[in-house]
């Protein structure tokens with residue numbers, strides 16, 4: 001299934017909105033589009049409000065984004081996570097490593113706060 | 001009851017999830033339990049497609065069966081790929097799951113999500129086919 005990736009810029013932050021289901025078929029495409037958007041030292045808000053399904057293939061993309069942020073001293077905030085995806089991230093021990101916000105506005109606030 | 005042959009192709013995963021989602025709705029399974037079953041079926045099917053068939057240079061399909069009794073909703077996936085019992089995969093320990101993401105090995109995470117998400121998981125090997133059985137208790 002195709003997923004849609006929309007990129008915009010707000011306050012020098014790259015905001016990436018993903019819509020669709022992230023599974024083994026769609027995750028590689030998401031990875032290809034997403035990772036180049038986080039510049040070294042940059043800030044990125046990943047808006048997952050339009051994602052109602054994410055399998056471990058999607059967690060792998062989040063892991064790669066996280067690692068890229070760590071090595072490049074960039075910052076990432078996840079916004080709009082569905083409850084079910086939050087559950088999956090909790091069970092797998094992913095959630096505590098990410099900064100999460102209810103929506104993009106709050107994610108931008110979190111980034112400004114540092 | 002649903003009986004459906006699904007191409008062993010990652011592009012077929014959304015259709016597979018839709019079959020399971022519909023069965024969950026018909027059975028009155030709540031949203032959280034439905035999501036866990038759908039995720040479990042998707043993870044096992046993804047494994048069959050990538051490891052059972054593609055990496056082994058094989059092609060084929062996955063036979064999906066969904067059965068419902070008064071007490072359980074059962075999804076059975078049968079495939080002719082490489083023999084593989086997901087239960088033999090060592091599960092990440094609490095310590096593994098607590099490791100910083102920088103150091104995490106993601107192998108087996110899908111199987112972990114599948115096995116811990118359902119109320120019952122079983123595997124059988126019969127007639128040179130893998131049979132993965134995933135079941136949820138009904139309210």
Check: Percent relative contact order of chain A, based on C-alpha pairs within less than 8 angstrom and at least six residues apart?
Finding: 24 percent
Check: For the protein assembly as shown, what proportion of DSSP beta bridges, expressed in % and rounded to the nearest 5, is antiparallel?
Finding: 70 percent
Item checked: Computed label-point distance, nm, for sites residue B:70 and residue A:70 using a 7 Å Cα→Cβ extension -> 5.2 nm
Item checked: Per-residue average of Cβ from other chains inside 10 Å of A:81-94 -> 4
Note to self: Between residue B:126 and residue B:32, what is 0.36 nm times their sequence separation minus the Cα-Cα distance? Round to one decimal in nm.
What the structure shows: 30.6 nm
Next item on the list: Highest first, please rank the peptides B:59-67, A:70-78 by the mean number of other Cβ atoms sitting within 10 Å of their residues.
Entry: B:59-67, A:70-78
Margin query: I'd like to know how chain B sits against the 2.2 N^0.38 Å rule of thumb: what's its Cα Rg over that expected value?
Written below: 1.04
Margin query: Quick check on region A:50-114: take the gyration tensor over C-alpha atoms, sort the square-rooted eigenvalues as a ≥ b ≥ c, and tell me if it's rounded (a/c under 1.5), prolate or oblate.
Written below: oblate
Checklist line | Relative pair counts by distance (%), Cα atoms of the protein assembly as shown, 10 Å bins | finding: 7, 30, 33, 20, 8, 1, 0
Check: Is it possible to state the helix-based mean residue ellipticity at 222 nm for chain B, with each DSSP H run of 4+ residues giving -39500 (n - 2.57), the sum divided by total residues, to the nearest 500 deg cm²/dmol? What is it?
Finding: -10000 deg cm²/dmol
Next item on the list: Out of all DSSP beta bridges with both ends in chain A, state the antiparallel percent to the nearest 5.
Entry: 30 percent
Next item on the list: Would you mind calculating the gained length between residue A:33 and residue A:109 on full extension (0.36 nm times residue separation, minus the Cα-Cα distance), in nm to one decimal?
Entry: 24.9 nm
Margin query: Viscosity 1.567 mPa s, temperature 4 °C: what is the translational diffusion coefficient of region A:4-113 from Stokes-Einstein with a Kirkwood Rh over Cα pairs, rounded to a whole number of µm²/s?
Written below: 95 µm²/s
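Where a number appears in this text, it was derived from the coordinates with a stated rule and is not lab data. Everything numeric here is computed off the predicted structure, so don't read it as measured data. Because the Cβ atoms are built from the backbone with ideal geometry, glycine has one as well, and the counts that use them run over all protein chains shown.
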